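J.: Quick one: the structure is below, and I'll ask about it shortly.
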């Protein structure tokens, strides 16, 4: 019985990156032997155990055989005769197919260390094509390791997988899990660009895929192409260190531009509401969490208004705050404004511009929330007048913030 550290921990260690978790493979053992040493069985589909002290995962060396379409269609085989090299051969990329034993010697049968040095993602074997989740994982790695490139033969294999319908067998929860993790990486655009290059984006997110090639007004969007703009926005959201709901909103805020009638391009009249309409089925299809869905919907609908606060009347500003439920949920409204900042600055040559609108909205919300609605309600003899009385007071405090010239 021998134990080896494997996978991402070694990859990150060799890259000089912090190691979060370590995975282990045990060769020459049986489930009974593991349990006899105090390991707790937690594997549902194949033998995985938790160490009695560290609680790290230890998996028995195993091989696998494709038995059905999709990422779950495998039969696993684990017994003491399975070698370390056989176990590593079933892994996705060469940079994840290395191991290190107790003696500290690196075991690298598939050239992972050389590919690390060359900054290349390369599949270990043709077995890569049997698991469509690997397409998503490689795309996510591209968003994390921004100086790596994809080996041409691996891209070709991924395209073959898409053409064979493997991506169609992915379950929504797993797709969302990988997309969400990729959105939280350093440069999310690389994930979507790789998915687009292999054809998977058109299958998984056709609403996003159709944005490339859609022109915009060059005076507002020097990058012109809507797909290019959206990629710049998600990267700006990452640069700003935003949470997942903001990054998902950045990805989906302009979906409606993909359905703008050709005869009115490059103007995108009413694209905001079309974006909201497209978001509903997308979020349902991918089982997007409610928090991400709701922020994305509000950003899609109101980002145009939020950009042009200097052109809005105070009562319209209040309507936007109310529609976003900002008075009750200021933290969420702060995320909405962050997504709008990413949209504003995610344009060619605009990355360093100051988004002055953010502070105006913060001031407006603070002023509107400071109005004592309870005290105003007590002033009204007729309860039916209460909503209008409170609204008038809020509009009054918003006026010097939104339209300071009108009160001079």
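J.: Please compute, over every Cα-Cα pair in segment 244-339, the percentage with a separation greater than 24 angstrom. Let's see the in-between values first.
T.: Numbers: 985 of 4560 pairs.
Roughly 22 percent, once rounded to a whole number.
J.: Please compute the length gained on full extension between residue 172 and residue 36, using 0.36 nm multiplied by the number of residues separating them and subtracting their Cα-Cα distance. Could you put the intermediate results ahead of the total?
T.: Numbers: separation 136, 0.36 × 136 = 48.96 nm, distance 3.85 nm.
Separation in residues times 0.36 nm, less the Cα-Cα distance, equals 45.1 nm.
J.: Multiply the residue gap between residue 197 and residue 20 by 0.36 nm, knock off their C-alpha separation, and tell me the result in nm, one decimal place. List each step's numbers first, then the result.
T.: On the way: separation 177, 0.36 × 177 = 63.72 nm, distance 3.06 nm.
My answer for the length gained is 60.7 nm.
J.: On a 0 to 90° scale, report how tilted helix 357-370 is relative to the longest principal axis of the chain, with both axes built from alpha carbons and the result rounded to the nearest 10.
T.: Tilt of helix 357-370: around 70 degrees.
J.: May I pose another question? Angle, helix 226-239 long axis vs. longest principal axis of the chain, Cα atoms, 0 to 90°, nearest 10?
T.: 80
J.: Moving on to the next point. Based only on other Cβ atoms within 10 Å, what is the fewest-to-most ordering of 341, 284?
T.: Values: 341 24, 284 11.
Fewest-to-most ranking of 341, 284: 284, 341.
J.: Spin-label point model (7 Å from Cα, Cβ direction): what's the residue 370 to residue 323 distance in nm?
T.: So the two model labels end up 2.6 nm from each other.
J.: Sort 176, 350, 361 by Cβ crowding within 10 Å, fewest neighbours at the top. List each step's numbers first, then the result.
T.: Values: 176 19, 350 16, 361 25.
In increasing order of surrounding Cβ atoms, one gets 350, 176, 361.
J.: Using only Cα positions of the chain, each an equal point scatterer, no hydration layer, compute I(q)/I(0) via Debye at q = 0.10 Å⁻¹ and quote the log10 values to two decimals.
T.: -0.78
J.: Provide the gained length on full extension for the span residue 378 to residue 285, in nm with one decimal, where the gain is 0.36 nm per separating residue minus the Cα-Cα distance. Let's see the in-between values first.
T.: Working: separation 93, 0.36 × 93 = 33.48 nm, distance 4.78 nm.
So the extension gain works out to 28.7 nm.
J.: If you don't mind, another one. Using a simple spin-label model with points 7 Å from Cα along the Cα→Cβ vector, what separation in nm is obtained for residue 264 and residue 2?
T.: With each label point 7 Å from Cα toward Cβ, the separation is 6.8 nm.
J.: Pop the C-beta distance of residue 114 and residue 184 into the FRET formula with R0 = 41 Å and round what comes out to the nearest 0.05.
T.: Values: r = 29 Å, r/R0 = 0.71.
It comes to 0.90.
J.: Going by C-beta contacts inside 10 Å, put 354, 253 in order with the fewest on the left.
T.: On the way: 354 10, 253 31.
Ordered from fewest to most neighbouring Cβ atoms within 10 Å, 354, 253 come out as 354, 253.
J.: Just want to confirm a number: the relative contact order over the chain, from Cα pairs under 8 angstrom separated by 6+ residues, in percent. Please list the in-between numbers first.
T.: Values: 678 pairs, mean separation 39.9, N = 408.
Across the chain, relative contact order equals 10 percent.
J.: Could you tell me the calculated FRET efficiency between residue 386 and residue 313, based on Cβ-Cβ distance and R0 = 22 angstrom, to the nearest 0.05?
T.: 0.45
Read the figures in this text as sums done on the coordinates, not as results from a lab. These figures come from a predicted structure and were not determined experimentally. Backbone-built Cβ (ideal geometry, glycine too); neighbour counts: all protein chains shown.
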